[in-house]
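Rule-based calculations on the coordinates, nothing more; no lab input. These figures come from a predicted structure and were not determined experimentally. Glycine gets a Cβ as well: all are built from the backbone with ideal geometry, and neighbour counts include every protein chain shown.
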Amino acid sequence: MFIRIFKHFKYIYLFLFIILINCQIKESSNNHGILFLENRANKLEISKSNKNDVVNIIGQPHSKSIDNENEWIYIERVLVKGEYHKLGRNILKSSNILFLEFDKFGILKNKKLFNKDDIKKISFSNKKTENDLSKSSFVEKLFTSLKAKMYRRK
């Protein structure tokens with residue numbers, strides 16, 4: 001009888017071990033971009049910091065504006081694993097975008113920090129751009145269908 005009870009304890013200990021091995025003290029996160037972007041942005045002072053100060057504090061920008069070389073964009077995105085009821089899918093913990101604008105002398109003129117809630121408020125146009133270059137002519141469509149029929153019979 002004692003041996004039977006001991007067998008059940010093995011299964012209970014195994015079950016508890018599997019459950020507890022999945023517990024983590026520190027949550028795992030997947031980072032993209034500049035970490036702690038908000039803290040670094042607070043170190044920048046408008047009308048005092050220049051491009052070199054920004055590069056020393058934050059680093060090189062992720063992208064620069066197409067039209068204006070004096071507009072820099074920095075990105076931070078942090079994903080964490082979801083809870084058990086989310087089935088372990090990644091959840092967006094924070095998403096920050098820092099937009100810096102410099103004057104013609106390289107002095108910081110304006111800075112804007114957009115967080116996750118601000119990004120949700122941005123509206124995008126639903127219009128679609130027509131691309132005349134990718135449209136194929138009647139002859140191309142005809143040859144494509146003939147080619148597909150030829151190779152399908154093999």
Quiz item: In a shell of Cβ-Cβ distance under 15 Å around L98, excluding L98 itself, what net charge do Lys and Arg (+1) and Asp and Glu (-1) give?
Solution: +2
Practice problem: Describe numerically, in nm with one decimal, the distance between label points set 7 Å from Cα along Cα→Cβ at L16 and at N52. | Solution: 6.3
Quiz item: Working from the pairwise distances between different alpha carbons, so that the mean of 1/r is found and then inverted, what is segment 27-123's Kirkwood radius in Å?
Solution: 14.6
Quiz item: Tell me, what is the FRET efficiency for K116 and L44 to the nearest 0.05, using R0 = 25 angstrom and their Cβ-Cβ distance as r?
Solution: 0.75
Practice problem: Distance check, please: which entries in K64/K111; K48/K111; K48/K121; K51/K109 exceed 21 angstrom between their Cα atoms? | Solution: K48/K121
